[in-house]
Amino acid sequence: MAISSTTPISSPVLQNLSASGTAAEKTDAASQQDRFMKLLVAQLNNQDPMNPMDNAQLTSQTAQISTVSGIEKLNSSVLEMAKQFSSMQMLQSASIIGHDVLTAGNGLAVTNGQANGVMDLASPADKVSVQILSPGGQLLDTLELGGMAGGRQQFSWDASKYTGGGTLRFKVTASNAGQAIAATALARDTISSVGSDGSAMSLALKSGATVRYEQIKAVL
């Protein structure tokens with residue numbers, strides 16, 4: 001009676017084991033190793049004694065499952081490190097609660113009758129003007145600030161006579177020798193609390209807005 005030989009387990013077979021499983025099957029490293037060992041034992045039990053599996057084949061197949069297991073463990077370690085880093089970042093950021101920050105935006109907060117705004121000029125300008133707008137977009141005043149160097153610049157507006165509600169807005173226009181200069185409006189606000197949305201740290205601002213940590217341009 002002839003004893004049938006069994007084809008060695010190859011990489012495609014191992015790949016199919018993962019791809020063809022049902023949704024109810026486990027896919028963690030331990031269960032993969034268990035299925036692999038069962039198949040390997042079955043193969044050894046049914047191999048042709050006249051043509052047994054050599055050491056190179058056995059070593060190759062064992063290395064394949066070890067690689068899969070190693071990748072699973074590496075992924076778990078990286079995810080755990082990411083969680084720890086996020087927790088540490090949030091604890092460290094608690095120290096900036098109460099500090100003013102700059103974010104991209106044209107909101108103009110009023111404190112004690114004074115509105116302080118910030119802009120970022122792409123290059124030096126010989127003419128800079130700022131329009132102060134109501135929450136509805138109505139022009140309230142225009143500041144002619146003259147020439148300014150490139151980079152981050154501040155301005156102030158006397159808001160003591162403003163009796164409206166809501167958040168004021170501002171619009172910056174800058175030019176040099178008649179050529180327009182890019183100007184980015186920056187909103188100034190105060191951090192009231194820090195938290196996490198599950199994937200990144202977020203900051204709650206006094207104005208009621210919530211921004212991600214990477215959206216902060218500067219802490220003042």
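Derivation of every value follows stated rules applied to the coordinates shown; laboratory data play no part. Note that the structure is predicted; figures quoted are calculated from it, not measured. So basically every Cβ, Gly included, is an ideal-geometry build from the backbone, and we count neighbours across all protein chains shown.
Filtering segment 130-145 to residues that are of a type in the set (Gly, Ala, Ser) and over 23 Å from Val101 (Cα atoms) leaves Gly136, Gly137. Looking only at segment 158-178, residues that are on the phi > 0 side of the Ramachandran plot and free of Cβ contacts under 8 Å to residues at least 40 places away in the same chain come to 2 in all. Among the strands (runs of 3 or more DSSP E) confined to segment 113-157, the ones with at least 3 residues that are without any contact (Cβ under 8 Å) to a residue 24 or more places away in the chain are located at 139-148. Scanning segment 111-156 for residues that are β-branched (Val, Ile, Thr) and either surrounded by 16 or more Cβ atoms within 10 Å (Cβ to Cβ) or more than 16 Å from Leu168 (Cα to Cα) (or both) returns Val118, Val128, Val130, Ile132. Considering the conditions (1) more than 29 Å from Ile97 (Cα to Cα); (2) in a strand (DSSP E or B), Lys161 is excluded by exactly one of them, (2).
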